[in-house]
Protein chains: 2
Amino acid sequence: VLQIPRGTRDFASDEMQKRRFVEDKIRLTFKQFGYKEIQTPTFETLELFTAKSGETIIDELYSFKDKGGRDLALRPELTAPVIRFYVDKLQMESKPLKLFYFGNCFRYDRPQKGRYREFMQTGCELIGTDTPEATAELIALAYTILKNIGLKDLKLYIGNLSILSSIFKAFNISKEQQKNLTPLIDKSLFNDVVSCLKDFGFSEKDSQDFIEILQTSDVKKIIKFTEKDDQTKDEMMRLFQILELLKNIFEIKTCEIKLSIVRGLDYYKGVVFEIDAPRLGAEKQLCGGGAYELIPLFGGSKTPTSGFAIGFDRTILALEEEKYKFPEIKLDVYVIPINENLMIKSLEITQNLRKEGLSVDMDLLKRGISKSLKYASSINVEKIIIVGQKELDEDSVTFRDMKTGKQELVKINSLYEKIR
Amino acid sequence: VLQIPRGTRDFASDEMQKRRFVEDKIRLTFKQFGYKEIQTPTFETLELFTAKSGETIIDELYSFKDKGGRDLALRPELTAPVIRFYVDKLQMESKPLKLFYFGNCFRYDRPQKGRYREFMQTGCELIGTDTPEATAELIALAYTILKNIGLKDLKLYIGNLSILSSIFKAFNISKEQQKNLTPLIDKSLFNDVVSCLKDFGFSEKDSQDFIEILQTSDVKKIIKFTEKDDQTKDEMMRLFQILELLKNIFEIKTCEIKLSIVRGLDYYKGVVFEIDAPRLGAEKQLCGGGAYELIPLFGGSKTPTSGFAIGFDRTILALEEEKYKFPEIKLDVYVIPINENLMIKSLEITQNLRKEGLSVDMDLLKRGISKSLKYASSINVEKIIIVGQKELDEDSVTFRDMKTGKQELVKINSLYEKIR
């Protein structure tokens, strides 16, 4: 038997039903916020991703040469492709541009729970504005998408890379030292941060003060570190404004400052945010985003940009973890001919009900009434039409409600009314 | 500026709107016929495609080795992946299985009009039955999908590979000669078929008779060639039954026999069919399908299978060719604050209308009323809310209908009623 490639998945129909349901809800919320969907190719030039993330990303990519010798790669994320698209074709459009996407992404990674080599992301990019109102709206959009899907237990954290940078400065932590610390900070491994700082020669007190400020959501403590520097003070003001808007206008109560958000990527700047589903443990981060500067790197004219990406697979996991009741897929009706001679008449009844917009299936296997009823109950269909000659002679069929067990004779020309 | 890979496309929002609209319509029709959606990975083992189509397919594939040294390939079509999925995980499900899919496929091909290196296919597989009723329903489904999308000008052709085979036999055309002829027959290059037959030593009369039978839709002429052989006679009977069902039950009037359909692939057998949009010229084939035998090749237990695939991109082209009126994407409302101090109040009004389910955007750029009105008209939004202090003092805003130019004062708490 031929195998599925390692780390990838087949989705059976019950799983696909969930996925499409969630996808539709996400699309609706994006549109409500004035965003428009776009799509880019599944693979890009390798150069696009190395330009954005450096040569080391190659280790995590599915990259290959095409038959013309071009270096290509399956996309690991969608921000770089969307910005490439923008720089190439959309720079002249009216601003702000509000673009959203759904797309499969690929990462050559050790497969583990909640991490696959092919996975779906949805997200958006906001191009052309970075007012506090616009940024608050972007963050609220991410949160609203997850709320509208049906998730109840969510935590929103907001950080700011300029402020983080000024905290590093206040503690006299060098750029080189920062490089060692940020991966630990990003993963909230604060004990390791302390050991690392002590190795660098920092005092116990400074090390503890440093991780305290990174972990606090107390605004006053943060201000103490930012008030000395005018530019940082401005960023702090913006951060407060955004927080106020999120609380008052967008009614998000579970929003906290978290200065330890690093987002790992060099081109992020200013505001960053994350949304977690705490119940998912190590895989709890559903969404990450912030302001970034990528357009000039790809040859476009500088303009403010921000965006976020939501892990689609984890979002489904989070819904399952919350025991969310997904709607079931159900046929409206199942039609059973009681013998072979009634196949054609049954097909006609089936087809006429489909024309009315119903989803209808019939026994194509000629397997007879009792097996067909068993099949119908296995697929959970509630309404059954049984086609028999005696009833047909009176232009009627037997209509059976599987839930109540009630059975009655219904005229063929009033079937649709009956079922609807 | 970094380039998009050759032969691939970016889809802007107006194009994506069309594509999602068509996708939704297709999905609805599949469901009405009792089909359920599944999904498989974007890449598979290379072996899957060479097992199905032979080593020569490698020339047309995007194939590559992953970092573990496995030979993988981006899928060129979806039948092989779906059957792999079936053999691996779905063999125990109740029959018949009605599975449909949407998926991007990849072919390393010279890019030209209507042919791209990444393209979308939709289609289905019917596993577990091949009664004439089931086959007619499958063909009717393909046709109904294209009709329900809104296409008017469609031609359905039905052939049968067993009958074609018996015609070859009747003319004493050898297997080796068939291999040379079938690509020409498949492309309807009948003059070339005649030259080729003459080169093989066939008489002018035989050559002409041969292409006549391939091109006729006259049932009597076909019967003459099939009545000698019992098995072929049975296939002919089935073909007639299917044609009758398509005409009488599914009301498809534009259905013709076309014995020259070859479908190019060795694992097809029995019924084959194609649906064309004649206006598209060389790219006119929108759909191809038929009965095939692939499950045993992939290690599963033999069971009847049939299916079809629809070229999604060509379907969109065909709709454009017919000047189909796609629905436009429109915001329900655009909100304009007349000055910066009214940003927050405007954001609140915007957000409250979104909560009611409307799609609403607002001027985030603080660009003032006349520029904002120009922007609103550029994005074709019909309803505008202008937020001014004087009106706010009376809990009202200015509501403007861009179509009629009419402007009026509306209380904020009755805005939703007004817009809906």
- [ ] Filter segment B:7-50 for residues that are open to solvent by 20 Å² or more (accessible area, probe 1.4 Å), of a type in the set (A, V, I, L, M, F, W, C) and more than 7 Å from chain A (Cβ to nearest Cβ) and give the result.
- [x] B:Phe21, B:Leu28, B:Leu46
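Take the residues in segment A:353-365 that are assigned to a loop (DSSP other than H, G, I, E, B) and under 37 Å from the mean Cα position of the chain (by Cα), then tell me which one is farthest from the other protein chains (Cβ to nearest Cβ).
Looking only at segment A:353-365, we keep the residues that are assigned to a loop (DSSP other than H, G, I, E, B), and these are A:356-359, A:363-365.
So of that shortlist, the ones also under 37 Å from the mean Cα position of the chain (by Cα) come out as A:356-359.
Numbers: A:Glu356: 10, A:Gly357: 7, A:Leu358: 7, A:Ser359: 5 Å.
The extreme case among them is A:Glu356.
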- [ ] Identify, by number, the condition in (1) crowded, with 22+ Cβ neighbours inside 10 Å; (2) within 7 Å of chain A (Cβ to nearest Cβ); (3) of a type in the set (S, T, N, Q) that B:Thr79 doesn't meet.
- [x] (2)
Open item on the list: Residue under question is B:Thr56, and the condition is that it be open to solvent by 40 Å² or more (accessible area, probe 1.4 Å), modelled with pLDDT under 95 and closer than 24 Å to B:Thr305 by Cβ; does it hold?
Closed with: yes
- [ ] For segment A:237-274, name all the residues that are part of a strand (DSSP E or B) and open to solvent by 60 Å² or more (accessible area, probe 1.4 Å).
- [x] A:Glu256, A:Lys269
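Assess whether A:Glu118 counts as being surrounded by fewer than 23 Cβ atoms within 10 Å (Cβ to Cβ) and touching a strand residue (DSSP E or B) at 6+ places or on another chain (Cβ under 6 Å). Before the answer, list the steps.
Values: surrounded by fewer than 23 Cβ atoms within 10 Å (Cβ to Cβ): yes; touching a strand residue (DSSP E or B) at 6+ places or on another chain (Cβ under 6 Å): yes.
So A:Glu118 fits the description; yes.
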- [ ] Filter segment B:161-173 down to residues that are over 19 Å from B:Lys205 (Cβ atoms) and out of contact with any Asp or Glu (no Cβ under 7 Å at 6 or more places or on another chain), then give me how many there are.
- [x] 3
- [ ] Say whether the condition of being modelled with pLDDT of 95 or more and either closer than 30 Å to A:Ser372 by Cβ or of a type outside the set (Gly, Ala, Ser) (or both) is met by at least one residue in segment B:157-167.
- [x] yes
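Can you confirm whether segment B:381-388 contains a residue that is open to solvent by less than 90 Å² (accessible area, probe 1.4 Å), over 25 Å from A:Thr305 (Cβ atoms) and in contact with a Gly (Cβ under 8 Å, 6 or more places away or on another chain)? So that I can check it myself, show each step before the final result.
Of all residues in segment B:381-388, those open to solvent by less than 90 Å² (accessible area, probe 1.4 Å) come to B:381-388.
Then keep just the ones that are over 25 Å from A:Thr305 (Cβ atoms); that gives B:382-388.
From what is left, the residues that are in contact with a Gly (Cβ under 8 Å, 6 or more places away or on another chain) are none.
No, that holds for no residue.
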- [ ] Collect the residues in segment B:353-367 that are open to solvent by 20 Å² or more (accessible area, probe 1.4 Å) and free of Cβ contacts under 8 Å to residues at least 40 places away in the same chain, keeping them in residue-number order.
- [x] B:Lys355, B:Gly357, B:Leu365, B:Lys366, B:Arg367
- [ ] Could you please give the count of residues in segment A:121-135 that are within 9 Å of chain B (Cβ to nearest Cβ) and either open to solvent by less than 10 Å² (accessible area, probe 1.4 Å) or in a strand (DSSP E or B) (or both)?
- [x] 3
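If a residue must be open to solvent by 10 Å² or more (accessible area, probe 1.4 Å) and assigned to a helix (DSSP H, G or I), how many such residues does segment B:136-163 contain? Talk me through it step by step, then tell me what you get.
Taking segment B:136-163 as the starting set, the residues that turn out to be open to solvent by 10 Å² or more (accessible area, probe 1.4 Å) are B:143-144, B:147-148, B:150, B:152-153, B:155, B:157, B:161-162.
In the following step, the residues that additionally are assigned to a helix (DSSP H, G or I) were identified as B:143-144, B:147-148, B:161-162.
Here the count works out to 6.
The values are calculated or read from the model by the stated rules, or taken from the named source; none is laboratory data. As the structure is a computational prediction, the values presented were derived from the model and not from experiment. We place every Cβ from the backbone using ideal geometry, glycine too, and count neighbours over all the protein chains shown. These area figures cover heavy atoms from the full protein model, side chains too; ligands, DNA and RNA do not enter into them. Shrake-Rupley method; radii C 1.70, N 1.55, O 1.52, S 1.80 Å.
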